[in-house]
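Just so it is clear, none of the values below were taken in a lab; they were calculated from the coordinates. Bear in mind the structure is a predicted one, so any value in this text is a computation, not a measurement. With ideal geometry, Cβ positions are generated from the backbone for all residues, glycine too; neighbour counts draw on all protein chains shown.
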Amino acid sequence: MATHTAPYARAVSVQRSPRPCEPPVWARGGHAQTCLAHLFGAGGEPLSTRAGGRRVEVALGDGDRLVVHAFAGSSGVRVHLFHGLSGDADSDYMRRTADVLLARGHEVWAANHRGCGAGAGLAAKPYHSGSSADVAAVLAASRAEAPDRTHVAVGISLSGNALLLMASEARAPWLAGLVAVNPPLDLARTSDAIHRGANRLYELRFVLRLRRAIAARQAAGLVSSHYRIPPRASLREVDELYTAPEGGFANADDYYLRCSAGPRLLAITTPGVVLTAADDPIVSVESFRSFPFPACLGLHVEAHGGHVGYLERHGLGARAWLPYALVHHVEVLAGLTRLNPSQSLA
């Protein structure tokens with residue numbers, strides 16, 4: 001059984017992954033990485049229907065529930081995966097990461113946020129970048145079931161911010177470590193950035209999927225108010241018209257102010273890594289350099305990767321680099337290994 005000690009984790013939390021993300025020539029640049037990685041095969045059967053998995057329903061404090069897909073392992077380490085905006089446990093990056101973790105013998109808890117994936121119809125309230133209580137609820141349910149495991153959490157994009165916010169609130173001080181991937185630490189800045197230039201294409205895709213989710217909640221009678229979200233709305237407008245009132249915020253600005261993890265990083269004592277890319281077109285790398293980091297939290301900036309892209313050159317083709325980097329950080333934080341930059345997990 002792996003054991004975790006805070007001094008060891010603090011000492012290695014800034015260690016980089018075994019190798020940099022060296023993209024193929026056709027996937028250089030932030031937009032190419034961001035788009036092409038999601039067209040790249042996710043691999044494996046969806047986690048929601050995969051043999052060997054079990055469905056876990058987690059009750060939330062307000063009566064809503066969410067669903068986790070849980071898989072067994074032999075390492076004594078349980079890794080909790082949380083997806084990004086408009087995704088679910090079957091999103092490509094979730095499946096790829098789960099595949100590599102399971103191959104290494106680790107347990108996986110792949111969570112669907114409220115109303116997402118297999119949890120559709122079980123929640124009236126929305127999830128958002130400040131859903132730290134929901135993240136904590138999943139972790140608490142997991143620890144109650146398996147207190148002898150070493151627990152590590154990974155949050156992707158929106159969930160990365162929520163995970164960091166949760167850690168700053170000390171909701172799971174027993175957590176062995178955390179990894180936040182491309183987290184929007186400054187929500188106002190990110191909402192402005194995604195509304196500009198080519199990023200508008202990503203924004204319209206997010207808005208389309210959010211409108212469908214809101215409509216489904218309304219059709220199911222889960223939402224008492226009727227929300228009209230214009231097809232060409234910005235994410236800020238969605239947050240102003242829907243997320244803020246349903247989430248208990250005065251408006252979008254209040255939501256962004258109260259839920260941005262950046263200004264709260266120094267309150268974090270859980271060892272961890274924030275992983276991002278210098279060419280992320282949605283979350284500017286400068287936003288990470290705008291906030292002081294605590295000693296226990298390392299900042300890992302890759303030159304290439306886009307927003308949760310990270311395609312790397314592999315022989316004559318390409319493969320996803322992110323799952324291997326995440327496994328590296330998970331295993332170091334869990335105290336399983338002391339990999340140096342010349343070693344490989346592949």
Completion exercise
When ASP64, ASP148, ASP134, ASP253 are arranged by how many other beta-carbons sit within 10 Å of their Cβ, fewest first, they go ASP148, ASP253, ASP64, ASP134
Exercise for the section: Report the full-extension gain for the segment GLN218 to TRP174: residue separation times 0.36 nm, less the Cα-Cα distance, to one decimal in nm. Expected result: 12.0 nm
Exercise for the section: Enter the Cα centre distance for the pair the stretch 228-275 and the stretch 284-336, rounded to the nearest angstrom. Expected result: 23
Problem - Spin-label model distance (nm) - HIS314 vs LEU257, 7 Å beyond Cα toward Cβ - result: 4.6
Fill in the blank from the handout: Once amide hydrogens are built 1.01 Å from N within the peptide plane, the residues lying 5 or more places from VAL179 or on another chain with amide H under 5 Å from its amide H are ALA153, VAL154, GLY155, VAL273
Fill in the blank from the handout: Per residue convex hull volume, Cα only, the stretch 131-246, in Å³ is 122
Fill in the blank from the handout: Counting all Cα-Cα pairs in the stretch 193-259, those more than 21 Å apart amount in percent to 26
Fill in the blank from the handout: log10 I(q)/I(0) for the chain, Debye formula on C-alpha points only (no solvent), q = 0.06, 0.11 Å⁻¹, two decimals, reads -0.19, -0.66
Completion exercise
In a Gaussian network model of the chain with springs linking alpha carbons closer than 10 Å, the residue among SER91, SER225, SER284 that fluctuates most is SER225
Problem - For peptides 155-167, 191-203, 45-57, 76-88, sequence by mean Cβ density within 10 Å, most packed first - result: 155-167, 76-88, 191-203, 45-57
Fill in the blank from the handout: In nanometres, the difference between 0.36 nm per residue of separation and the alpha-carbon distance of VAL285 and GLU57 is 78.5 nm
Completion exercise
Ranked by GNM mean-square fluctuation in the chain (Cα springs under 10 Å), the top entry among TYR242, TYR324, TYR227 is TYR227
Fill in the blank from the handout: Note: probe point = Cα of ARG65 + 7 Å toward Cβ; backbone nitrogen < 12 Å; residues of the stretch 95-131 passing the test are 119-123
Completion exercise
Once ARG28 and HIS226 are pulled to full extension, the length gained, defined as 0.36 nm per residue separation minus their Cα-Cα distance, is 67.0 nm
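Would you calculate a helix-derived [θ] at 222 nm for the chain, using -39,500 (n - 2.57) for each DSSP H run of n ≥ 4 and dividing by the full residue count, to the nearest 500?
For the chain, the value works out to -9500 deg cm²/dmol.
Tell me whether the stretch 222-346 comes out rounded, prolate or oblate; compute the Cα gyration tensor, take square roots of the eigenvalues as a ≥ b ≥ c, and use a/c under 1.5 as the rounded threshold.
Judged from the Cα gyration tensor, the stretch 222-346 comes out prolate (a/c at least 1.5, a/b above b/c).
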Fill in the blank from the handout: With +1 at each Lys and Arg Cβ and -1 at each Asp and Glu Cβ, the charge dipole magnitude of the stretch 219-293 around its Cα centre, to the nearest 20 debye, comes out at 100
